[in-house]
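Report on one structure; see the data block that follows.
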């Protein structure tokens, strides 16, 4: 079998995540237009707490599994790879069950004491079984990512999203006449159903994969020693994700409360918070489908290269990933910035277009933060993104606290705080990558070339927009023409060359 490269793995995940984002985009549109921002606001209050509980359950183990298995496979030690997976699966199954039961018991207390809206209780109760399901599923995903086989993860994610979208919207729409909190519970039911289907699909993939390779008598570690290594690798990630999830939970409580201080009613604040997550961040995060695919595939790929002491390969893969992130991120953000008003109107959130434009200015730092975190984790420097996130939060939270409560700023102040956080985290991550890999930073290649393309794209939109009008098909045609111009400029100024195109699976073979 030909060796899977990290770009191949990234393309597999990119295709799956792109389809998932399209489905998610449609899902968010249906929710915002047929269910309403208030229901999504309630769901968004619960979701960060659910993610925080999930971090306690998984404890960063899936990423450690991916890293350890990739290193074992690079040494042809498949027995150890399977032993690592079995140990992690047992731990995640037990921790998932324990945390799910505990959270179910204390859900009434959390709903009453932590959130300004007590209607979230029913959502808590529905979300708790999903913690167990996701915990088990994450062990399988870590295994396949460590094997650099991204297809099972991609298939399970697609099936999970299909079920989540269909069950979630149908349940929410059916339950809406009974009240907003019932509709929000329908969204939670869709999430739970999707996770169950995703787990079934990836277990089936593992059963099929398992029968293809015969057992090899390689050196294997005792399960206790394996758990020690897993915890050693995962604890910095756990701290980072606990901190990140804790910040998201704090945002879910803080933003609606500060908006009320700015003069909004409780229901208006909940609706605005729902629009922030359901419309603004849905649009901003859509291009991050690419950076998520890169970050996921980079961890095992860079771990393998580092284990073999192929430091030049580490430099090359890191530079490729960052270049691709910038080359995709800039035109995406130009599109989001220019079409902020029609995009916001599409989600029935016209009053958030200014918020979206502010975030578009700093969106490239959000994408770079995700990719650079994957590189550092692959290098084994898993504690650094945690430290950088803490530093950025120390600055971001006070800005959010002050500006969101100001009647002049409101959600725009929230957006400014997020941009500052993205910038600080990504800059610190990039500085660490340069320090530990010696990766050269060519500003012309990383910055000047894509900026020239982005400026050309923006000018094209300014010129074409008066002629095309405001029809959705006209917007689509403008975007296509702008994208063609962007990549043409990159090809002409040397930002993209024939070698870059040849690295892309399926496309490259026609150019070689």
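The values are calculated or read from the model by the stated rules, or taken from the named source; none is laboratory data. Treat the numbers as computed from the prediction; the structure is a model and nothing was measured. Cβ placement follows ideal geometry from the backbone for every residue including glycine, while neighbour counts extend to all protein chains displayed.
A search for C-beta distances below 8 Å between a residue of the stretch 194-206 that is on the phi < 0 side of the Ramachandran plot and assigned to a helix (DSSP H, G or I) and any residue that is at pLDDT below 90 and surrounded by fewer than 19 Cβ atoms within 10 Å (Cβ to Cβ), counting only pairs 6+ apart in sequence or on different chains, returns 201/155; 202/155; 205/151; 205/155.
Would you please name the residue that is farthest from residue 146 (Cα to Cα), looking only at residues in the stretch 298-338 that are over 21 Å from the mean Cα position of the chain (by Cα) and crowded, with 22+ Cβ neighbours inside 10 Å? Among those residues, the one meeting the criterion is 338.
Go through 65, 120 for me and flag whichever is farther than 15 Å from residue 227 by Cβ and crowded, with 16+ Cβ neighbours inside 10 Å. Result: 120 is the single residue among 65, 120 that is farther than 15 Å from residue 227 by Cβ and crowded, with 16+ Cβ neighbours inside 10 Å. Once the stretch 388-403 is narrowed to residues that are crowded, with 20+ Cβ neighbours inside 10 Å and more than 16 Å from residue 249 (Cβ to Cβ), the residue that is farthest from the chain's Cα centre (by Cα) is 403. Exactly one residue out of 363, 354 is surrounded by fewer than 18 Cβ atoms within 10 Å (Cβ to Cβ) and assigned to a helix (DSSP H, G or I), and it is 354. Listed by first and then second residue, the pairs with beta-carbon distance under 6 Å, at least 6 apart or on different chains, first residue in the stretch 358-371 and within 21 Å of residue 412 (Cβ to Cβ), second outside any helix (DSSP H, G or I), form an empty list. Among helices (runs of 4 or more DSSP H) entirely within the stretch 5-122, having at least 1 residues that are at pLDDT 85 or above, more than 25 Å from the chain's Cα centre (by Cα) and within 25 Å of residue 186 (Cα to Cα) singles out 78-113. All conditions in (1) without any contact (Cβ under 8 Å) to a residue 12 or more places away in the chain; (2) under 22 Å from residue 361 (Cα atoms) hold for residue 449, with the sole exception of (1). One residue alone among 148, 157 is touching a residue at least 24 places away in the same chain (Cβ under 8 Å), outside any helix (DSSP H, G or I), under 22 Å from the mean Cα position of the chain (by Cα) and under 30 Å from residue 305 (Cβ atoms), and that residue is 148. Looking at the stretch 405-424, can you tell me whether even one residue there is over 25 Å from the mean Cα position of the chain (by Cα), buried (at least 23 other Cβ atoms within 10 Å of the Cβ) and either in a helix (DSSP H, G or I) or touching a residue at least 24 places away in the same chain (Cβ under 8 Å) (or both)? Scanning the stretch 405-424, I find at least one residue that is over 25 Å from the mean Cα position of the chain (by Cα), buried (at least 23 other Cβ atoms within 10 Å of the Cβ) and either in a helix (DSSP H, G or I) or touching a residue at least 24 places away in the same chain (Cβ under 8 Å) (or both), so the answer is yes. Taking the listed residues 88, 72, 15, the one that is in contact (Cβ under 8 Å) with a residue 12 or more places away in the chain and under 30 Å from residue 328 (Cα atoms) is 15, with no other qualifying.
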